[in-house]
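Participant: A single structure is presented below for examination.
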Amino acid sequence: EIGSEESDRRHRYFQDATKRHAYLNSFSAAPQSARYGINQFSDLSQEEFRDLYLQAQTSRAPCFSGPKTVG
Amino acid sequence: LPAKFDWRQKAVVAPVQNQQACGSCWAFSVVGAMQSVHAIEGSKLEQLSVQQVLDCSYKNKGCSGGSPLWALDWLKQTGVKLVPQSEYPYKAKTGICHFFSQSHGGVAVTNFTAHDFSGQEEAMMGQLVERGPLTAIVDAVSWQDYLGGIIQHHCSSQWSNHAILVVGYDTTGDIPYWIVQNSWGTTWGNEGYVYIKIGGNVCGIADSVAAVFL
């Protein structure tokens, strides 16, 4: 609902996202470089995004010791 | 090694999935690799049950997170056969594990390899060509805002938090890159895919990489 506390919070996260996009895109000069902007996650806070989507646990693996590949 | 290689062109990569509001990337990554290797070995490409891994892999925490390597270890140790997705559909919620009899058809992991390829991404390319799509874990914090293109910055190594499936690479252009299937639906990124620069272990893509054997 527009004007609700939840709506205001989402609007604030959206504004935060646009600031992030400006920073992230400032590194993207070449045509193939990554582009950052509005997508389905733009009204989530970074904490919400992390809690929902970044839940993989790290498992250390041994260094690869097979034969080197010559390019 | 070929200058470019893409398992999708061999019709052995299943469509991009959407994990929805569930921390199940680790299961999608493992099941994606199994589906592809099964198809590479001559079977029809078939979607296998992510929900079965989510519910039954007791070493992990379902929608609250998990590790692809722990899931692979569980699959190898138990010999559990993954049934088709149609028989055990995805619900984006952790549920009670459904058991199937040993005579029930399915796909089982016989073994897997897991390596740190940091500084050796050419060797990782060789593994991809030789073994099939690879599961990997990455730092995906900046992926919240990703729209497309090749990621070269804003991605750390050794701070992994998201599991993905590496399905190919392309070294023919100015910037060589990995072709990575994500599980956030087709509206995200390049129709569900993300490209990551090869070299420098960008996003930690080479930190913990696994190949499966069926």
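Participant: For region B:26-89, build the charge dipole from Cβ charges (+1 Lys, Arg; -1 Asp, Glu) around the Cα centre, then report which of B:L72, B:I40, B:F28 sits farthest towards its positive end.
Facilitator: Sorting the options by dipole projection puts first B:L72.
Participant: What value in Å³ per residue do you get for the convex hull of the alpha-carbon atoms in the protein assembly as shown?
Facilitator: 128 Å³
Participant: Sticking with this structure for a sec: What is the mean number of Cβ atoms from other protein chains located within 10 Å of the Cβ atom of each residue in peptide B:147-155, rounded to a whole number?
Facilitator: If you average over the peptide's residues, the count of other-chain Cβ atoms is 6.
Participant: So for the protein assembly as shown: antiparallel DSSP bridges make up what percent, rounded to the nearest 5?
Facilitator: The antiparallel proportion sits near 85 percent.
Participant: I'd like the isolated cysteines in the protein assembly as shown, meaning no second cysteine's beta-carbon lies under 4.7 angstrom from theirs.
Facilitator: If one checks each Cβ against the other cysteines of the protein assembly as shown, A:C63, B:C25 turn up with nothing under 4.7 Å.
Participant: What ratio of Cα Rg to 2.2 N^0.38 Å holds for region B:93-214?
Facilitator: 1.16
Participant: Shifting gears a bit: Averaged over all directions, how much area does the convex hull of the C-alpha atoms of region A:19-71 cover when projected, in nm²?
Facilitator: The Cα convex hull of region A:19-71, projected and averaged over all directions, gives 7.1 nm².
Participant: Could you tell me how far the Cα centroid of region B:1-79 sits from the Cα centroid of region A:8-39, in Å?
Facilitator: Comparing the Cα centres of region A:8-39 and region B:1-79, I get a distance of 30 Å.
Participant: Dividing the convex hull volume of the Cα atoms of chain B by its residue count, what figure in Å³ per residue is obtained?
Facilitator: Considering the Cα atoms of chain B, their hull volume per residue is 110 Å³.
Participant: Here's a follow-up. Output the Cα-based Rg and Dmax of region B:148-214 in Å, rounding Rg to one decimal and Dmax to a whole number.
Facilitator: 11.9, 36
Participant: What would the Debye equation give as log₁₀ I(q)/I(0) for region B:70-161 at q = 0.14, 0.22 Å⁻¹, counting only Cα atoms as equal point scatterers?
Facilitator: Debye output, listed in q order: -0.82, -1.21.
Participant: Continuing with the same structure: Over region B:1-126, what portion of Cα pair distances is larger than 18 Å, expressed as a whole percent?
Facilitator: Taking all Cα-Cα pairs of region B:1-126, the fraction more than 18 Å apart is 55 percent.
Participant: Percent antiparallel among DSSP beta bridges with both residues in region B:48-201, to the nearest 5?
Facilitator: Roughly 90 percent of the beta bridges in region B:48-201 run antiparallel, per DSSP.
Participant: Please list, by residue number, every one of the trypsin sites (Lys or Arg not before Pro) in region B:1-109 that is coil in DSSP and has at most 10 other beta-carbon atoms within 10 Å.
Facilitator: Of the trypsin sites (Lys or Arg not before Pro), the ones in loops of region B:1-109 whose Cβ has at most 10 other Cβ atoms within 10 Å are B:K44.
No lab work stands behind these numbers, since they all come straight from the coordinates. Model, not experiment: these values are computed from the prediction. Note that we place each Cβ from the backbone using ideal geometry, even for glycine, and neighbour counts take in every protein chain shown.
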